Amino acid sequence: MSKEGLRSFIDRLYILSIILMAGCSTSILDTSVDEVSFMLIDVGQGLSQIIVQGNEALLFDMGPVDAEQEWKTAYASIGKPHISSVVISHRDLDHSGGLHFLNDEITWSGKLVVSRWEDTVFLRRQCSNRLRPVWFETIVQDDAVEFTDECSIQCLWPPPIIDETVPVPDTKTNFYSIVCRLTHGNNSVMITGDIDSVAQRFITRRYTTQLRSDIVVIPHHGSASAVYPLFYGYIRPYQAAISYGEGNSYGHPSEEVLAMLFHLSINCVTTSGSGSLLWKSNGFYWNERF
């Protein structure tokens, strides 16, 4: 090859490298509007999940108030999308405490989605750092959570009729925790809050094969109370995820949950072991980023 030919070849390589670098982004998402991302944020001993499509996001729980830095770092890593709604599965502070750091600097519509049986007065107090209005939408079993046209979210629990005082007492918040199934094309995620095995039994009886999901977030940080094998047998996930803090005083995740997942041949990942967990869906399969 002549010197002129070699120089021309090098110039073309240089131009190509510039084009490729221009396509890079500091956001770990950098997705098209056709893709949906699901992140289980590492908030220690708590729970927070975020769904993102394009520049729109929907949150499921906010984690504890002392995880502000970890939550904001994860939120920044996905490009700080506009938050259309925040779903709070139940009012326990390891799920709702993070509402404190949703101030007016974060682009959020102010919409809170909660169970029909939740204490909205308590949750409004958790939003004290936001000066703009906060408003509520309530859901129960079989309701849809509004997000985008390509991403459907169905509420599977709590039931529309209960024999309890309203709001439900503190001893029943886990049992009536919101459960939702996210679907994008052929892909799906089961989001379970803190439900126990009794709630799992009711859900299993109602939905059976409709529970089938690729990914399941294990309820209550992997507590032994979350063990009902038939529930997971109908979900038939290829992957289970557990959010918990290393060395927590509750002993989460329990040996019972880990043994159940092992016997059902379900791969398990954790925030304690891997940090925040991210899956990206193109509607046909999931890409993992952890």
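What follows draws every value from the coordinates through simple rules; no lab data is involved. Here the structure is a predicted model, which is why all the values come from computation and not from measurement. Please note: Cβ atoms are built from the backbone with ideal geometry, for glycine as well, and neighbour counts cover all protein chains shown.
General observations
- Efficiency of FRET between ASP149 and ARG206 - r from beta-carbon atoms, R0 30 angstrom, step 0.05: 0.70
- With R₀ set to 30 Å, the beta-carbon distance separating VAL121 from LYS172 gives a calculated FRET efficiency near 0.95.
- Other residues lying with their Cβ under 12 Å from the Cβ of ASP94 contribute a combined charge of -3, Lys and Arg counting +1, Asp and Glu -1.
- Bridges between two residues of the chain, per DSSP, are antiparallel at a rate of about 60%.
- Footprinting exposure proxy for ILE266, ILE106, ILE88 (fewest neighbouring C-beta atoms within 10 Å first): ILE106, ILE266, ILE88
- Here the relative contact order of the chain, from alpha carbon pairs under 8 Å that lie six or more residues apart, stands at 16 percent.
- The chain: Lys pairs at Cα distance under 22 angstrom, eight or more positions apart or on different chains: 5
- At an R0 of 41 angstrom, the distance between the Cβ atoms of PHE262 and THR107 translates into a FRET efficiency of 0.45.
- Scaled radius of gyration (Cα, divided by 2.2 N^0.38 Å) that the chain gives: 1.10
- Residues ASP214, ASP66, ranked from the fewest to the most other C-beta atoms within 10 Å, line up as ASP66, ASP214.
- Dipole magnitude of the range 27-288, debye to nearest 20 (Cβ charges: Lys/Arg +1, Asp/Glu -1, about Cα centre): 380
- Here the Gaussian network model covers the chain, with springs between Cα atoms less than 10 Å apart; of ASP42, ASP194, ASP34, ASP34 fluctuates the most.
- Separation of alpha-carbon centers, the range 240-290 and the range 145-209, rounded to whole Å: 19
- For GluC sites (Glu not before Pro), the sites in the range 188-290 that DSSP calls loop and that have at most 15 other Cβ atoms within 10 Å are GLU246.
- Loop-located chymotrypsin sites (Phe, Trp or Tyr not before Pro) in the range 196-252 whose Cβ has at most 16 other Cβ within 10 Å (DSSP): TYR238, TYR250
- Residue exposure sequence - ARG289, ARG91, ARG116 - by fewest surrounding Cβ within 10 Å: ARG289, ARG116, ARG91
- Based on DSSP H segments of at least four residues, each scored -39500 (n - 2.57), the chain has a per-residue ellipticity at 222 nm of -7000 deg cm²/dmol.
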